[in-house]
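The values are calculated or read from the model by the stated rules, or taken from the named source; none is laboratory data. Only a predicted model underlies this, so the values are computations on that prediction, with no experimental measurement involved. Glycine gets a Cβ as well: all are built from the backbone with ideal geometry, and neighbour counts include every protein chain shown. Ligands, DNA and RNA are stripped out before the accessible areas are found, and what is left, the full protein with its side chains, is counted by its heavy atoms. Shrake-Rupley method; radii C 1.70, N 1.55, O 1.52, S 1.80 Å.
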Amino acid sequence: MKFANLHDDIGNDLFDHPNEPNRLDEFHYPRFKQGNMKFSAIVSCFDGNQNWKTMKKTILHVENAILHSKHFSFDTDKDIQVFLAVEGMCGIVDEPEDKINWLYDHHVRLGSLCWNDDNALACGAKKGNKPLTELGIRTIKQMNKINMAIDTSHCCEWNFYDIARISEKPIIASHSNVKGLYNHYRNLTDAQLEVIKNKNGLVGAIPVRWFVKPKEQNATLDNFIDILVYLKNKIGVDHMALGFDFMDYIPGMEESNVVGMKDITDIQNIAVRLIQHGFLKSEVEQICFKNSFDFMKYYL
Ligand SMILES: [Zn+2]
């Protein structure tokens, strides 16, 4: 089964290993190959502490790594197709239109306005609950105009509804689960799920164990499958995808994924379990690959 991933912080991983210029091909590629991951967001996360200069430097580094890769490409000419994504835009404090244009010119095709921080555009769900700022509204409008997909995974609820109202295009939550099963600030309420569905967007469920159950409960793959069953019942398979947010390649985070899916090399376990839970093969293909690919294709 082919897989697609709406969220993977490989951008930061590459930027944090400047002495390994071939890290993408030598470290990540064999893992992608083993899991049959064929399409992925390459995300650079900006946590609230980066200025615009640092954001640009990071994006240029990651873009360059992909342009020189033997196996990854922004196009369909190599084994694995990728696009850049930005998680958090704390470096944008003025002229958002110009900055969104710059990001787009450097292959960024998906963006969220904040991480867990409260910045000049938006406020993370961890930080509070308030309206989108004027600059944030301009940013969303520019993303619509230039054709950059909008990710709401980290923003607070008030921001979420503002974005849903302002955006004329579908919105996604690239790596979030459901409050109906676990009331984590990063998970979505049933009302938010409904909004994403009605706007023809996607929810990328995340198999990181502390978004599935409280951290100390060591959530399992079956607990994660419960989330996918819940989503199917609430919004239907057409609006479901996966946002893995792998962290296991970060030292000290090896145990971040649900028990039963240790890293990207184990993701086929999800497809196997979904079939065992009565999902049709065509539905599993949609969730694991097709919905993400079809959604992002429009923006590539
Ligand atoms: Zn995140």
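Taking T76, T265, T58 as the candidate residues, the one with maximal mean-square fluctuation in a Gaussian network model of the chain, Cα springs under 10 Å, is T76. Bridges between two residues of the chain, per DSSP, are antiparallel at a rate of about 10%. The accessible-area ordering, largest first, of the residues I196, I137 stands as I137, I196, per a 1.4 angstrom probe.
Protein-only accessible surface at a 1.4 angstrom probe places the residues R138, R31 in the order R138, R31, largest first. Gain on full extension, evaluated as 0.36 nm per residue between Y185 and Q276 minus their Cα-Cα distance, stands at 29.7 nm. For the set S282, S40, solvent exposure ranked by accessible area (probe 1.4 Å, protein chains only) runs largest to smallest as S282, S40. Distance between the 7 Å Cα→Cβ label points at D79 and D25: 1.1 nm. Rolling a 1.4 Å probe over the protein chains gives Y299 an accessible area of about 10 Å². Each of V258, H71, I275 was scored by the projection of its Cα onto the charge dipole of the chain, and the greatest displacement toward the positive side belongs to I275; charges sit on the C-beta of Lys, Arg, Asp and Glu. This model, with +1 at the C-beta of Lys and Arg and -1 at the C-beta of Asp and Glu, gives the stretch 36-102 a dipole about its Cα centre of some 300 debye. Of the chymotrypsin sites (Phe, Trp or Tyr not before Pro) found in the stretch 15-57, none is in coil by DSSP with at most 12 other Cβ atoms within 10 Å of its Cβ. Each residue was assigned an accessible area with a 1.4 Å probe, and for H68 the value is about 140 Å².
Under 10 Å, Cα contacts only: if you run a Gaussian network model on the chain, which one of R209, R186, R273 comes out with the highest mean-square fluctuation? In this elastic network of the chain, the residue with the biggest mean-square fluctuation among R209, R186, R273 is R273. About its Cα centre, the dipole of the chain is roughly 600 debye, where the only charges are +1 on Lys and Arg Cβ and -1 on Asp and Glu Cβ.
Solvent-accessible area of E255, probe 1.4 Å, all protein chains present, reported in Å² to the nearest ten, please. Here the accessible area works out near 130 Å². Per residue, the accessible area of the chain comes to 41 Å² when a 1.4 Å probe rolls over the protein heavy atoms. When both bridge partners sit in the stretch 1-127, DSSP labels roughly 5% of those beta bridges antiparallel.
Dividing the helix sum by the residues of the chain, where each DSSP H run of 4 or more adds -39500 (n - 2.57), gives a mean residue ellipticity at 222 nm of -10500 deg cm²/dmol. For the chain, with all protein chains in place and a probe radius of 1.4 Å, 49% of the accessible heavy-atom surface sits on carbon or sulfur.
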